[in-house]
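Peer 1: Let me begin by handing over the structure; questions about it come next.
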Amino acid sequence: MEKLKVGFVGAGFIAQFQAKAMLQARNMELSGLLARKGAEALSGWAREHDLGPATIYKSVSEMAKHVDTIAIYSPNYTRIEIMEEVVSAKRAGGRVRNVICDKPLGRNMKEARRLVELAEGANLNTAYFENQIHMKAVQTQLTQLAPVQKAMGPMVLTRSAEEHAGPHMPWFWNPMEQGGGVLSDMGCHSIAVGWYALTPVGKNPTFLKPQSVSCELGLLKWGQPKWRDELLKKHGVDYSKTPAEDFATGMVTFKNPETHQKVKAQFTDSWMFEKQGLRLFMDGMGPGYAFEINTLTSPLNIFIGDQAAQAIADQESALEKATASRGLLSVQTNEADLYGYVDENRDAAEKFLRGQDALLNFSYGLEITRLVMAAYMSSERKQVVDLTDASTCQELENYIPLIQQGRGAEVLF
Ligand SMILES: NC(=O)c1ccc[n+]([C@@H]2O[C@H](COP(=O)([O-])OP(=O)(O)OC[C@H]3O[C@@H](n4cnc5c(N)ncnc54)[C@H](O)[C@@H]3O)[C@@H](O)[C@H]2O)c1
């Protein structure tokens, strides 16, 4: 079997998750990697698990000479310089032909558009990694409901949420580095999966045309003095000066271009979720039918009493972003598969080996960035943002949310 040779940029949280996912994908190997931190450990893990040679490189240009695919798994503020290096390496005759970028494609539309242009200019196949669309639960409800949709008509309302108690690294909390707060970080997932679940079976992921976006943001927990201090102590980020939202909720309205039916995707995202750990929740309603997904529902529950709790070394071995190590714990046994990482890797490898873009390419990632920017604009202006208005769409191209500029205090307090 031909295997796609992948080189990772980054060896942190998502790179480790993706390496676990690739073990279950078969048609790809971890050929190389580079990172500011963590490269040795991930390379050792990959070789131990026979995932590939995982050679450590010193530069993207060097790695691009030896791999088919560069996967960008580094922080949001590093994307453009990495892509520029990939493009120069390809132009200089390097082996690289494809590029993967995990969400978000950019912190704003300018950055995301630059990535699209760089990839197109160098004739690179692209994959925008939005794992939730590839979740087996999301795909299976579509297959199961396909004949029902045919008989009753497509889905009309989706509600999507991604929630946990807050990110693991300081740069995520820093709105200038990350791009904002939870809306930039996780709103992109919920908006994308809502849009996708509304899309009539058999149509492409951008078939439904976005019409308008409304959104409200809040700083409900991490702006309070006690939690602000904790953030400053733990991550060196000062939310009294440069805050970002820890709660976002809103609605995107789409129009079916064939039937003119309007449909709605509601999204809710938070970094102040006080339950077992990460929860992905989605539901959808069509005329006469529905689906519901909740990743905190597991066939495995474990109970650990107070006295036994000392024995727990790592609460996150139960569940991503787990916040407790005792009581009744939900345990997920294969999170890389549950959250869709395995299937997004399989899709990218299959398509790249055929010389094509993945199901979700960079242009799709740019569309998601546009919807996220429209959501920030709506919350800043306390208005519904009309995406059928040409001047608003033009404005979004260069729009940088106040929160991303480090001016969140003007809108959050
Ligand atoms: N799909 C998801 O659910 C999901 C989950 C987590 C993170 N992500 C995305 O993955 C990306 C990385 O997030 P993370 O949680 O792994 O972050 P992280 O901080 O845990 O890891 C980042 C890695 O990149 C390396 N790095 C930093 N700057 C670099 C540079 N200039 N060149 C090369 N390597 C560099 C770091 O040393 C580290 O190894 C982000 O864009 C994030 O949005 C996606």
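Peer 1: Distances longer than 18 Å among the Cα atoms of region 298-378: what percent of all pairs is that?
Peer 2: Result for the distance tail: 63 percent.
Peer 1: I've got another one for you. Semi-axes of region 73-125's equivalent ellipsoid from the Cα gyration tensor, sqrt of 5 times each eigenvalue, largest first, rounded to whole Å? Please report the intermediate quantities before stating the final value.
Peer 2: On the way: eigenvalues 70, 24, 17 Å².
For region 73-125, the ellipsoid semi-axes come out as 19, 11, 9 Å.
Peer 1: Where does the charge balance sit around Y339 when Lys and Arg score +1, Asp and Glu -1, over other residues with C-beta under 13 Å from its C-beta?
Peer 2: For residues surrounding Y339, the net value is -3.
Peer 1: Rounded to a whole number of µm²/s, how large is the Stokes-Einstein D of region 344-397 at 4 °C and 1.567 mPa s, given Rh as the Kirkwood radius over C-alpha pairs?
Peer 2: 99
Peer 1: Enter the mean projected area of the convex hull around the alpha-carbon atoms of the chain, in nm², rounded to one decimal.
Peer 2: The Cα convex hull of the chain, projected and averaged over all directions, gives 20.7 nm².
Peer 1: With the alpha-carbon atoms as the only input, what is the per residue convex hull volume for region 65-160 in Å³? Display every interim value, and only then the final one.
Peer 2: On the way: hull volume 13.9 nm³, N = 96.
Value for region 65-160: 144 Å³ per residue.
Peer 1: Which values, in whole Å and largest first, are the semi-axes of the equivalent ellipsoid of region 214-316 obtained as the square root of 5 times each eigenvalue of the Cα gyration tensor?
Peer 2: Working: eigenvalues 243, 130, 14 Å².
After scaling each eigenvalue by five and taking roots: 35, 25, 8 Å.
Peer 1: Quick one: Cα centre-to-centre distance for region 98-168 and region 347-406, in angstrom?
Peer 2: 12
Peer 1: Kindly flag which residue pairs out of K20/K275; K203/K351; K234/K275 have an alpha-carbon separation exceeding 23 Å in this structure.
Peer 2: Working: K20/K275 25 Å; K203/K351 18 Å; K234/K275 21 Å.
Exceeds cut-off: K20/K275.
Peer 1: Report, in whole Å, the centroid distance computed from the Cα atoms of region 33-87 and region 193-265.
Peer 2: Region 33-87 and region 193-265 have Cα centres separated by 30 Å.
Peer 1: Averaging the inverse of every distinct alpha carbon separation and then flipping it gives the Kirkwood radius. What is it for region 96-235, in angstrom units?
Peer 2: Numbers: mean 1/r = 0.0562 Å⁻¹.
So the Kirkwood estimate lands at 17.8 Å.
Peer 1: With all pairs of different alpha carbon atoms counted, what Kirkwood hydrodynamic radius in Å does region 1-154 show?
Peer 2: Numbers: mean 1/r = 0.0608 Å⁻¹.
In region 1-154 this quantity evaluates to 16.5 Å.
Peer 1: Place the peptides 126-133, 379-386, 171-178 in order of packing, highest mean first, counting for every residue the other Cβ atoms within 10 Å and averaging per peptide.
Peer 2: Result, highest mean Cβ count within 10 Å first: 126-133, 171-178, 379-386.
Peer 1: If you project the alpha carbons of region 21-110 onto the principal axes, what extent comes out on each, in Å, largest first?
Peer 2: Projected onto its principal axes, the Cα set of region 21-110 covers 40, 29, 25 Å.
Peer 1: Which value in Å does the Kirkwood hydrodynamic radius of region 204-255 take, with 1/r averaged over all unlike C-alpha pairs and then inverted?
Peer 2: It works out to 13.3 Å.
Peer 1: So, one more: With both bridge residues required to lie in the chain, what share of the DSSP beta bridges run antiparallel, to the nearest 5%?
Peer 2: Details: 38 of 66 bridges.
Here the share of antiparallel DSSP bridges comes out near 60 percent.
Peer 1: Report the gain in length on full extension from F207 to K58: 0.36 nm times residue separation, minus Cα-Cα distance, nm rounded to one decimal.
Peer 2: Extra length from F207 to K58 when fully extended: 49.5 nm.
We did not get these values from a lab; they are worked out from the coordinates using the rules stated. Fair warning: this is a prediction, and the values are worked out from it, not measured in the lab. Heads up, the Cβs are rebuilt from the backbone with ideal geometry, glycines too, and the neighbour counts pull from every protein chain shown.
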